[in-house]
Amino acid sequence: MGLAIRSFQRKEFAMSKISEIRTAIIVNPQLPVGLMANTAGAIAIGLGARVQDLGARTLVDIEGREIDVSSRVPVPILQADGEAIRALMLKALERPDDRAVVPFPAFARTLHAYEDYEASLPQKDLSEEVIDGVGLAGPAKWVKSLTGSLKLLR
């Protein structure tokens, strides 16, 4: 049986300005602090890889030291329980274009090699899985419609 793997492609957004892209990362506040940080970090890597305009810049300080930009847009970290995160993810996946949706399913935490995750995911139904977090990037109106009622993680 072959794996259902799509080749990696950066998302080419039809939006002409970075200011038209909004992001959000939603995590379950019931996770221990370290797992929340790990979840948000892994999701952020996925969003940055998928939507090049979120970062991919180098700046130079007055002394000539080059740094890589962390993000060109705000990245709010919001909170929701596991059921709400899963429902939000499923709704977000209904939009076919101009968006990035990066979920962090709880089962992924038990795997220690990406290849194992890649092999496991085609056997899973994400609507049945515990989702510890999800990241979104896309048109501001779309992201806001999905996250407008959520509170910041504090």
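Could you grab me the full set of residues in the stretch 57-75 that are under 14 Å from I45 (Cβ atoms) and either touching a helix residue (DSSP H, G or I) at 6+ places or on another chain (Cβ under 8 Å) or modelled with pLDDT of 95 or more (or both)?
Of the residues in the stretch 57-75, the ones under 14 Å from I45 (Cβ atoms) are 68, 70-71, 75.
Within the stretch 57-75, S71, V75 qualify.
From L78, L152, which residue is surrounded by fewer than 15 Cβ atoms within 10 Å (Cβ to Cβ) and either within 18 Å of Q30 (Cα to Cα) or modelled with pLDDT of 95 or more (or both)?
Working: L78 fails: surrounded by fewer than 15 Cβ atoms within 10 Å (Cβ to Cβ).
So the residue among L78, L152 that is surrounded by fewer than 15 Cβ atoms within 10 Å (Cβ to Cβ) and either within 18 Å of Q30 (Cα to Cα) or modelled with pLDDT of 95 or more (or both) is L152.
Applying the selection to the stretch 23-46, what residues are over 18 Å from T147 (Cα atoms) and touching a Phe, Trp or Tyr at 6+ places or on another chain (Cβ under 9 Å)?
Hits for the stretch 23-46 are N38, A42, G46.
Looking only at the stretch 58-75, which residues are within 29 Å of L126 (Cα to Cα), surrounded by 13 or more Cβ atoms within 10 Å (Cβ to Cβ) and not hydrophobic (A, V, I, L, M, F, W, C)?
S71
Across the stretch 43-80, what is the total count of residues that are part of a strand (DSSP E or B) and touching a residue at least 12 places away in the same chain (Cβ under 8 Å)?
4
Count, please, the residues in the stretch 95-107 that happen to be under 10 Å from D132 (Cα atoms) and in contact with a strand residue (DSSP E or B) (Cβ under 9 Å, 6 or more places away or on another chain).
4
Within the stretch 65-119, can you find the residues that are touching a Lys or Arg at 6+ places or on another chain (Cβ under 6 Å) and among the small types (G, A, S)?
The one that is touching a Lys or Arg at 6+ places or on another chain (Cβ under 6 Å) and among the small types (G, A, S): A100.
Keeping to the stretch 104-149, report how many residues are basic (K, R), touching a residue at least 40 places away in the same chain (Cβ under 8 Å) and either surrounded by 19 or more Cβ atoms within 10 Å (Cβ to Cβ) or not in a helix (DSSP H, G or I) (or both).
The qualifying residues number 0.
Any residue at all in the stretch 67-81 that is farther than 19 Å from G133 by Cβ, hydrophobic (A, V, I, L, M, F, W, C) and out of contact with any Cys (no Cβ under 7 Å at 6 or more places or on another chain)? Step through it out loud before you land on a result.
At the first step, the residues of the stretch 67-81 found to be farther than 19 Å from G133 by Cβ are 67-69, 72.
Those still in the list that are hydrophobic (A, V, I, L, M, F, W, C) too: 67, 69.
Subsequent filtering for residues that are out of contact with any Cys (no Cβ under 7 Å at 6 or more places or on another chain) retains 67, 69.
The answer is yes; a qualifying residue exists.
May I ask you to list the residues in the stretch 81-94 that are in contact with a strand residue (DSSP E or B) (Cβ under 7 Å, 6 or more places away or on another chain), surrounded by fewer than 19 Cβ atoms within 10 Å (Cβ to Cβ) and either in a helix (DSSP H, G or I) or not hydrophobic (A, V, I, L, M, F, W, C) (or both)?
Residues of the stretch 81-94 that are in contact with a strand residue (DSSP E or B) (Cβ under 7 Å, 6 or more places away or on another chain), as a first pass: 82, 85-86, 88-89, 92-93.
Remaining after also requiring surrounded by fewer than 19 Cβ atoms within 10 Å (Cβ to Cβ): 82, 93.
The one that is in contact with a strand residue (DSSP E or B) (Cβ under 7 Å, 6 or more places away or on another chain), surrounded by fewer than 19 Cβ atoms within 10 Å (Cβ to Cβ) and either in a helix (DSSP H, G or I) or not hydrophobic (A, V, I, L, M, F, W, C) (or both): G82.
In the stretch 14-42, how many residues are in contact (Cβ under 8 Å) with a residue 12 or more places away in the chain, surrounded by fewer than 17 Cβ atoms within 10 Å (Cβ to Cβ) and in a loop (DSSP other than H, G, I, E, B)?
4
Kindly check whether there is at least one residue in the stretch 45-57 that is β-branched (V, I, T) and loosely packed, with under 13 Cβ neighbours inside 10 Å. Break it down into steps so the answer makes sense when it comes.
Step one: filter the stretch 45-57 for residues β-branched (V, I, T), giving 45, 51.
After this cut, where a residue has to be loosely packed, with under 13 Cβ neighbours inside 10 Å as well, the list is 45.
Checking the stretch 45-57: at least one residue is β-branched (V, I, T) and loosely packed, with under 13 Cβ neighbours inside 10 Å.
The values are calculated or read from the model by the stated rules, or taken from the named source; none is laboratory data. Keep in mind that this is a model prediction, so the values were computed, not measured. Please note: Cβ atoms are built from the backbone with ideal geometry, for glycine as well, and neighbour counts cover all protein chains shown.
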